[in-house]
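One structure is given below, encoded as structure tokens.
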Amino acid sequence: MAESKPQDAIALLKQDHRTVEDLFAEFEKASGEGRKQKLAEQICLELSVHAAIEEEIFYPACEGKIEEDLLKESYVEHDAAKLLIAEISAGSGQSDDFFDAKVKVLQEEIEHHVEEEEKRLEGVFAQARKAGLDMDALGEQLATRKAELTETYKATGIPKPELRTVGEVTA
Ligand SMILES: [Fe+2]
Ligand SMILES: [Fe+2]
């Protein structure tokens, strides 16, 4: 797809958001366990890669440049999503009575999180843009890492969630 010019970091991240929204919409319409399972796996893969590149590259670049509270909330929202992603990708759809509910709640969480990132003027992206981050350089780093992680996760599965903000309760 986008292999020509380096892509602006925010454009890349927004494109990821749209991809996942489309997948959630497809999941809502889908019938048949096999199809739903496949879509859920794809959603989990996309979101895991996306969260990882934001946490490895984009959020650290925002550190000290955007509102600290907003950035902290983003990490907590990622952790909450990772727990559901781990649940969804560990279970097989057919045997989990809560499978559809988990996907639905994940969708709602992600909708909220995406809004926090994309909100006009005060969202994470708007603040980062205003702070003058080098979006071309970041975009290139994000794209490279995204390709690497996608390949790895496809080959070895999504790794156990690495939670950054959640303590002992989950152990
Ligand atoms: Fe995002
Ligand atoms: Fe995010």
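The values are calculated or read from the model by the stated rules, or taken from the named source; none is laboratory data. On a predicted model such as this, the values are computed, not experimentally measured, just so you know. When we count neighbours, we look across all protein chains shown, and the Cβ atoms used for this are built from the backbone with ideal geometry, even at glycine. Protein only, heavy atoms only, side chains kept; ligands, DNA and RNA dropped before computing areas. Shrake-Rupley method; radii C 1.70, N 1.55, O 1.52, S 1.80 Å.
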> Rounded to a whole number, what % of the accessible area of the range 1-115 do carbon and sulfur atoms account for, probe 1.4 Å?
Replying inline: 52 percent
> With every protein chain left in place, what is the accessible area of Thr165 in Å² (1.4 Å probe, nearest 10)?
Replying inline: 60 Å²
>> Need one number: nm distance between label points at His112 and Leu163, each 7 Å from Cα along Cα→Cβ, rounded to one decimal.
In response: 1.6 nm
> Taking a probe of 1.4 Å, how large is the accessible area per residue of the chain, in Å²?
Replying inline: 58 Å²
>> Take Glu56 and Lys5, extend 7 Å from each Cα along the Cα→Cβ direction, and tell me the distance between the two endpoints in nm.
In response: 2.6 nm
> Could you give the dipole magnitude of the range 24-171 about its Cα centre, charging the beta-carbon of Lys and Arg +1 and that of Asp and Glu -1, in debye to the nearest 20?
Replying inline: 400 debye
> Kirkwood hydrodynamic radius for the range 1-107: how many Å is it when counted over pairs of different Cα atoms?
Replying inline: 15.1 Å
>> What number do you get for the range 40-171 when its Cα radius of gyration is normalised by 2.2 N^0.38 Å, N = residues?
In response: 1.10
>> Contact order normalised by length for the range 1-153, with contacts defined as Cα pairs under 8 Å and 6 or more residues apart; what percent is it?
In response: 40 percent
> In whole Å, how far is the Cα centre of the range 36-94 from that of the range 4-19?
Replying inline: 16 Å
> Taking the mean number of other Cβ atoms within 10 Å as a proxy for protection, how do you rank 127-135, 10-18 from highest to lowest?
Replying inline: 10-18, 127-135
>> What are the equivalent ellipsoid semi-axes of the range 53-123, built from the alpha-carbon gyration tensor (square roots of five times its eigenvalues), in whole angstrom, biggest first?
In response: 29, 13, 8
> Pairing the Cα long axis of helix 9-29 with the longest principal axis of the chain, what angle in degrees results, from 0 to 90 and rounded to the nearest 10?
Replying inline: 20 degrees
